[in-house]
Amino acid sequence: MDDLENLEKLAKLKDKGIINDEEFLLMKRNIVSRNMNVYPESKSGIAYALLAWFLGIFGAHNFYAGYTRRAIAQLLLTVFSWLLFFIPLIVVQIWALADMCLINKDAQGRPFHGDRTLILIIRITAVAFYVICYLLAFMGIVGLAVYGSKGMMFSSSLPPAVPHGTIIYH
């Protein structure tokens with residue numbers, strides 16, 4: 001309600017001639033934009049989410065939003081992850097996914113703009129994609145450990161090898 005009162009006071013100041021039309025429009029625009037949460041230099045939430053999904057391990061989404069230190073940390077962990085058997089790569093991927101889902105403002109505190117429904121759909125799709133990928137990778141590792149390198153359970157259902165030239169009677 002304060003802003004509505006401010007607009008009324010602003011109109012009275014204009015009517016009395018204390019401020020000119022240009023000042024009135026500028027102050028009115030500031031009040032209206034404050035209420036609408038419109039920031040002229042705000043970043044796109046859709047671009048941030050897509051960068052986090054596809055290039056998150058390199059910190060591209062954090063470079064875009066202005067979180068430079070965080071982005072450099074993600075980039076360095078990714079580049080040097082081979083030194084620790086690529087385990088930091090998994091950590092950075094989960095970190096980027098968490099960033100995508102939890103960060104809604106840029107480094108200056110301005111909220112991202114864009115269609116909130118589309119941003120939510122991108123976030124849900126990315127989480128589902130990575131859950132499925134990690135689940136399949138885990139199942140593959142467990143299957144390899146259980147069944148060994150000879151193959152999965154399907155190898156026992158194959159018929160035995162028959163030497164060439166042998167006649168098989170049914």
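The values are calculated or read from the model by the stated rules, or taken from the named source; none is laboratory data. Fair warning: this is a prediction, and the values are worked out from it, not measured in the lab. Neighbour counts are summed over all protein chains in view; Cβ atoms, including those assigned to glycine, are modelled from backbone coordinates with ideal geometry.
Which residue is surrounded by the most Cβ atoms within 10 Å (Cβ to Cβ), if the candidates are limited to region 79-109 and must be modelled with pLDDT of 95 or more and among the aromatic types (Phe, Trp, Tyr)?
So, considering only residues that are modelled with pLDDT of 95 or more and among the aromatic types (Phe, Trp, Tyr), the one surrounded by the most Cβ atoms within 10 Å (Cβ to Cβ) is Trp95.
Kindly check whether there is at least one residue in region 113-136 that is in a loop (DSSP other than H, G, I, E, B) and not assigned by TED's automatic domain parsing to the domain that holds Asn30.
Checked region 113-136: at least one residue is in a loop (DSSP other than H, G, I, E, B) and not assigned by TED's automatic domain parsing to the domain that holds Asn30.
When residues of region 76-111 are filtered for being assigned to a helix (DSSP H, G or I) and more than 14 Å from Ile57 (Cβ to Cβ), how many remain?
Here the count works out to 4.
Table: residues versus (1) in a helix (DSSP H, G or I); (2) touching a residue at least 24 places away in the same chain (Cβ under 8 Å); (3) closer than 28 Å to Ala98 by Cα; (4) touching an Asp or Glu at 6+ places or on another chain (Cβ under 7 Å).
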site	(1), (2), (3), (4)
Glu5	yes, no, no, no
Ala11	yes, no, no, no
Ile18	no, no, no, no
Trp53	yes, yes, yes, no
His61	yes, yes, yes, yes
Tyr64	yes, no, yes, no
Gln74	yes, no, yes, no
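Of all the residues that make up region 131-162, how many are at pLDDT below 70 and exposed (fewer than 10 other Cβ atoms within 10 Å of the Cβ)?
11
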